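Presented below is the structure to which this report refers.
The values are calculated or read from the model by the stated rules, or taken from the named source; none is laboratory data. Predicted, not measured: the structure shown is a model, and the values here were computed from it. Cβ coordinates were reconstructed from backbone atoms using ideal geometry, including for glycine residues, and neighbour counts include every protein chain displayed. To get the accessible areas, we keep the full protein, side chains included, count just its heavy atoms, and leave off ligands, DNA and RNA. Shrake-Rupley method; radii C 1.70, N 1.55, O 1.52, S 1.80 Å.
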Amino acid sequence: MKTTGVTAAWAALFAVAGAASVFAHDFYLIPESSAPAPGAAVRVALHVSDVFPGDPTDWRPDRTSDFFLLDGKGRLDLKDRVPEGKPLMPRVALRSPGTTVIALVSDPSYIEIAAAEFQDYLKHEGHTQILEMRAKMGAAASPGKERYRRYVKTLLNAEGVASDTALANLNLTIEIIPEAQPAGVRPGGRLPVRVLMEGAPLAGGYLCATHAGFSKEHDAYAWCGRLDKDGRASVPITAPGWQMLRIARMRALAGDERADWVSYWAALTFEVPRSLSEYSAGPRA
């Protein structure tokens, strides 16, 4: 498979996993603790994996368009944070009690995928409209040339105490927004969420969710479903530990000689404790 303008880490992942790796390779954040003390400096890990939670990878400041937090004091830009350690991660200090949302927006990247693999990828991601467009254009046998960008966020709760900041709209291009407190959900419950694309409900979008330890298979999710006309879904939470919700939106693209399609990816990660008083220090395998 040919790759164009893709980072070395992405190329290595594709080479190792083969054709199945075309599907997801989710991109998300997981901090070293979901319930640090107020004022604590928390390392925030970047994960690029097709098995959740996978292993952290080196931070990519040269591929980052925006990196910031939102808490009770407002928004704070974090792009000046220098990654450290192995793998490279930035440290982020919590400024206030309650929830802190940490968000990252990647720079646009490009990839070219062989025709059959691109068709399988579109089916896997639920992009039925794009499959129909390619069929009508007579392009189903053509490679998929795609430009993509990531919009991801993670939730931290100082000393395990959440606040309404967890429900905030950060005005990202595509965003998964909880409509109830994620810290209050327990296994067997559901989390209502809404997905916005450029500020409007993403009606019919294909949302998936999973949790740490659900599966060792590539691109396996505990639940997937379509958003309703208002961009809403009720996501079942079936186990404690780190959770990931993810969604992608694809459109036809004109005016870019390197791509025929553009996709926008969103992810939200948070931890569900086993009990009201328990928070862990990291993702459970």
Of the numbered conditions (1) more than 16 Å from residue 236 (Cβ to Cβ); (2) touching a Leu at 6+ places or on another chain (Cβ under 8 Å), residue 159 fails exactly one; give the number of that condition. (2)
In the stretch 133-163, what count of residues is obtained for those that are under 17 Å from residue 249 (Cα atoms) and more than 21 Å from the chain's Cα centre (by Cα)? 4
Tell me which residues, restricted to the stretch 48-71, are among the aromatic types (Phe, Trp, Tyr), closer than 17 Å to residue 266 by Cα and buried (at least 19 other Cβ atoms within 10 Å of the Cβ). 52, 67
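Can you confirm whether the stretch 193-207 contains a residue that is farther than 21 Å from residue 148 by Cα and either open to solvent by less than 50 Å² (accessible area, probe 1.4 Å) or touching a Lys or Arg at 6+ places or on another chain (Cβ under 6 Å) (or both)?
Going residue by residue through the stretch 193-207, those that are farther than 21 Å from residue 148 by Cα are 193-194.
Filter once more, so that each one left must be either open to solvent by less than 50 Å² (accessible area, probe 1.4 Å) or touching a Lys or Arg at 6+ places or on another chain (Cβ under 6 Å) (or both): 193-194.
Among the residues of the stretch 193-207, at least one is farther than 21 Å from residue 148 by Cα and either open to solvent by less than 50 Å² (accessible area, probe 1.4 Å) or touching a Lys or Arg at 6+ places or on another chain (Cβ under 6 Å) (or both), which makes the answer yes.
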Among the residues of the stretch 187-196, is any within 15 Å of residue 126 (Cβ to Cβ) and within 17 Å of the chain's Cα centre (by Cα)? yes
Counting only residues that are in a loop (DSSP other than H, G, I, E, B) and among the hydrophobic types (A, V, I, L, M, F, W, C), which one in the stretch 209-226 is surrounded by the fewest Cβ atoms within 10 Å (Cβ to Cβ)? 220
Does the stretch 166-181 contain at least one residue that is assigned to a loop (DSSP other than H, G, I, E, B), touching a Pro at 6+ places or on another chain (Cβ under 8 Å), farther than 25 Å from residue 76 by Cβ and not basic (Lys, Arg)? yes
Do you know which residues across the stretch 25-35 are out of contact with any Phe, Trp or Tyr (no Cβ under 9 Å at 6 or more places or on another chain) and either open to solvent by less than 40 Å² (accessible area, probe 1.4 Å) or more than 19 Å from residue 183 (Cα to Cα) (or both)? 29, 31
Residue list for the stretch 123-154, filter: basic (Lys, Arg), in a strand (DSSP E or B) and open to solvent by less than 40 Å² (accessible area, probe 1.4 Å): 150, 153
Say whether the condition of being open to solvent by 30 Å² or more (accessible area, probe 1.4 Å), more than 28 Å from residue 159 (Cβ to Cβ) and of a type in the set (Lys, Arg) is met by at least one residue in the stretch 81-94. yes
Residue pairs within 9 Å by beta carbon, gap of at least six or interchain, first lying in the stretch 219-235 and closer than 20 Å to residue 50 by Cβ and modelled with pLDDT of 95 or more, second among the charged types (D, E, K, R) and in a loop (DSSP other than H, G, I, E, B), listed first then second, are none
Among all residue pairs at least 6 apart or on different chains, which show Cβ distances below 6 Å where the first residue, located in the stretch 155-170, is surrounded by fewer than 19 Cβ atoms within 10 Å (Cβ to Cβ) and the second is aromatic (Phe, Trp, Tyr) and not in a loop (DSSP other than H, G, I, E, B)? none
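Condition first: surrounded by 17 or more Cβ atoms within 10 Å (Cβ to Cβ) and assigned to a loop (DSSP other than H, G, I, E, B). Can you find one or more residues in the stretch 251-266 that meet it?
Yes: the stretch 251-266 contains one or more residues that are surrounded by 17 or more Cβ atoms within 10 Å (Cβ to Cβ) and assigned to a loop (DSSP other than H, G, I, E, B).
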